[in-house]
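Step one of this worksheet: look at the structure below.
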Amino acid sequence: MIKVAIMGYGTIGSGVYEVLKTNQQIIAANVGQEIQVKYILDLREFPGTEVEKKIIHDFSVIAEDEEIQIVVETMGGLDPAYSFVKTCLEAGKHVATSNKALVAAYGTKLLEIARKKKVNFLFEASVGGGIPIIRPLYTCLMGEKIQEITGILNGTTNYILTKMDKEGASFNGALKEAQDLGYAERNPEADVEGHDTCRKIAILTAMATRKEVNYQDIYTEGITRITDIDFKYAGKMGTSIKLFGSSRMEEDQVFAWVAPVMIGKDHPLYAVSDVYNGILVKGNMLGTSMFYGSGAGRLPTASAVAADIIEAAKSLNSNIPLGWTEEKLRIAPMETSSHRYFVRISGRYESQKETVEQCLGTCQIVTLEGLNEYAALTEKKSEKQFKQELERLEEKLALVYQGVLQTIRAEV
Ligand code: HSE
């Protein structure tokens, strides 16, 4: 029998307990022995529940108990998660975590300790909730040169954008629903400002390149500027707006960014709606492969943690080669990346046609009835060039009009 401790009995931690209990026999059959939760570390008591007697409040009980071979970290945050996980690995215990903030900030160090101690630091649940993506990258796709990973990586924002798109919901109303359903981070800013997606694409980029990625180097823009009017244009254009985390590995440089992107119906990620996540992986031999499923939520995420527990239980005496080294990856500046741009401009196109053509070049123009504004969809160009063009356009329009109302990158 393998004894496990769960640190943090919140949404995911309690889900892990439930998965281990519900699928006890399947898991035991796959591991070859039973998995038993010995301790649950939490600040709270859970009187009258079946876990009551397993609850402990002192971390050192786990660290010092040699019977505990695998520790689950579902506390979230960095403090005390980092020091607890580090201590567990140093004590020769395997760790499975769902905590992307921890993996993005301290993954390099924790992977290194795990290698030295011949244990495993596993984090399947940190990206894409229940979708298998970390393990495929170090198993099935280990013979590939990964050229691109682009994903809808945050369930909360995808839920909000879908509600705005399909039901005309308000941003705040949709966020509240996502929070009530248990998808959102404790601080919703991490979701809506793109920070959660940023950490996830940082982890995927590090997995793909085997180099350390500083998530702070990744250009990050959330969805708080996206409005119902943007979706009205999107509807007319047969497009939608999704929050992408993307990294594109070119021969001599790597781009990585998080931003809302307007995409057409033919984009493989177009149909990824509600809380679902979708991740496109392009490999030099593979071509494109897509991973799709529940990107957030209690049991899907817990299922991924349970898979890591099984993986650790099957490799109790060895470190599985995975992750990245401390060599740092240089991310190319965002202004050198190229996109098409959807631009909303106040006023009437007929009276601004020449100025717009002069500044933005050839554009596809879209108008909506009843609005004193229009939209222009540009050709593909570098961010640097686009910003300069936009400045010129604003200068020229400023005297008469309000100018540029919105810009969204587009892949249509
Ligand atoms: N808040 C995250 C999301 C949870 O909405 O995707 C899963 O990482």
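For segment 137-158, give me the residue count where each residue is within 16 Å of the chain's Cα centre (by Cα) and more than 19 Å from ILE408 (Cα to Cα).
The number of residues fulfilling the criteria is 5.
GLU373 versus (1) at pLDDT 95 or above; (2) among the acidic types (Asp, Glu); (3) out of contact with any Leu (no Cβ under 7 Å at 6 or more places or on another chain): which is the lone unmet condition?
In the conditions (1) at pLDDT 95 or above; (2) among the acidic types (Asp, Glu); (3) out of contact with any Leu (no Cβ under 7 Å at 6 or more places or on another chain), GLU373 misses (3) alone.
Only one of these is buried (at least 19 other Cβ atoms within 10 Å of the Cβ) and touching a Pro at 6+ places or on another chain (Cβ under 9 Å): ILE131, ILE62. Name it.
ILE131
Scanning for something farther than 21 Å from LYS200 by Cβ, away from the ligand (no atom under 16 Å from the Cβ), free of Cβ contacts under 8 Å to residues at least 60 places away in the same chain and of a type outside the set (S, T, N, Q), does segment 264-280 turn up at least one residue?
Scanning segment 264-280, I find at least one residue that is farther than 21 Å from LYS200 by Cβ, away from the ligand (no atom under 16 Å from the Cβ), free of Cβ contacts under 8 Å to residues at least 60 places away in the same chain and of a type outside the set (S, T, N, Q), so the answer is yes.
Just to verify a result, which residue in segment 184-200, among those that are within 7 Å of the ligand (Cβ to nearest atom) and more than 11 Å from the chain's Cα centre (by Cα), is modelled with the highest pLDDT?
Out of the qualifying residues, it is ALA184.
Against the condition of a type in the set (A, V, I, L, M, F, W, C) and more than 30 Å from VAL275 (Cβ to Cβ), how does VAL95 come out, does it pass?
no
Any residue in segment 149-169 that's touching a residue at least 40 places away in the same chain (Cβ under 8 Å) and within 13 Å of TYR183 (Cβ to Cβ): show its pairings with residues that are within 16 Å of the ligand (Cβ to nearest atom) and hydroxyl-bearing (Ser, Thr, Tyr) at Cβ separation under 6 Å, as long as the two are six or more apart or on different chains.
What qualifies is LEU153/THR197; ASN154/THR197; GLY155/TYR183; THR156/TYR183; THR162/SER273.
Across segment 55-85, what is the total count of residues that are on the phi < 0 side of the Ramachandran plot, within 16 Å of the ligand (Cβ to nearest atom) and part of a loop (DSSP other than H, G, I, E, B)?
3
Give just the number: which of (1) part of a helix (DSSP H, G or I); (2) in contact (Cβ under 8 Å) with a residue 40 or more places away in the chain does CYS88 not satisfy?
Against the list (1) part of a helix (DSSP H, G or I); (2) in contact (Cβ under 8 Å) with a residue 40 or more places away in the chain, CYS88 comes up short only on (2).
Does segment 376-412 hold any residues that are surrounded by 13 or more Cβ atoms within 10 Å (Cβ to Cβ), among the hydrophobic types (A, V, I, L, M, F, W, C) and within 15 Å of THR355 (Cβ to Cβ), and which are they?
ALA376, LEU390, LEU393, LEU397, VAL404
With respect to the numbered conditions (1) surrounded by fewer than 15 Cβ atoms within 10 Å (Cβ to Cβ); (2) of a type in the set (Lys, Arg); (3) over 29 Å from LEU181 (Cα atoms), which one is the sole condition not fulfilled by LYS53?
(3)
Filter segment 159-183 down to the residues that are touching a strand residue (DSSP E or B) at 6+ places or on another chain (Cβ under 7 Å) and more than 13 Å from the ligand (Cβ to nearest atom) and list them by number.
ASP165
For segment 297-309, indicate whether the set of residues that are surrounded by fewer than 18 Cβ atoms within 10 Å (Cβ to Cβ) and either within 30 Å of GLU389 (Cβ to Cβ) or more than 16 Å from the ligand (Cβ to nearest atom) (or both) is non-empty.
no
Would you mind listing the helices (runs of 4 or more DSSP H) fully within segment 166-226 where at least 2 residues are surrounded by fewer than 23 Cβ atoms within 10 Å (Cβ to Cβ) and acidic (Asp, Glu)?
Filter on segment 166-226 gives 171-180.
Go through segment 99-158 and give me each residue that's more than 10 Å from the ligand (Cβ to nearest atom), out of contact with any strand residue (DSSP E or B) (no Cβ under 9 Å at 6 or more places or on another chain) and β-branched (Val, Ile, Thr).
THR139
Scan segment 110-119 and give yes if some residue there is under 20 Å from the mean Cα position of the chain (by Cα), touching a residue at least 24 places away in the same chain (Cβ under 8 Å) and assigned to a loop (DSSP other than H, G, I, E, B), otherwise no.
Checked segment 110-119: no residue is under 20 Å from the mean Cα position of the chain (by Cα), touching a residue at least 24 places away in the same chain (Cβ under 8 Å) and assigned to a loop (DSSP other than H, G, I, E, B).
Among the residues that make up segment 256-274, is at least one of them among the aromatic types (Phe, Trp, Tyr), touching a Pro at 6+ places or on another chain (Cβ under 8 Å) and either crowded, with 21+ Cβ neighbours inside 10 Å or outside any loop (DSSP other than H, G, I, E, B) (or both)?
no
The values are calculated or read from the model by the stated rules, or taken from the named source; none is laboratory data. Because the structure is a prediction, the values reported are computed rather than measured. Backbone-built Cβ (ideal geometry, glycine too); neighbour counts: all protein chains shown.
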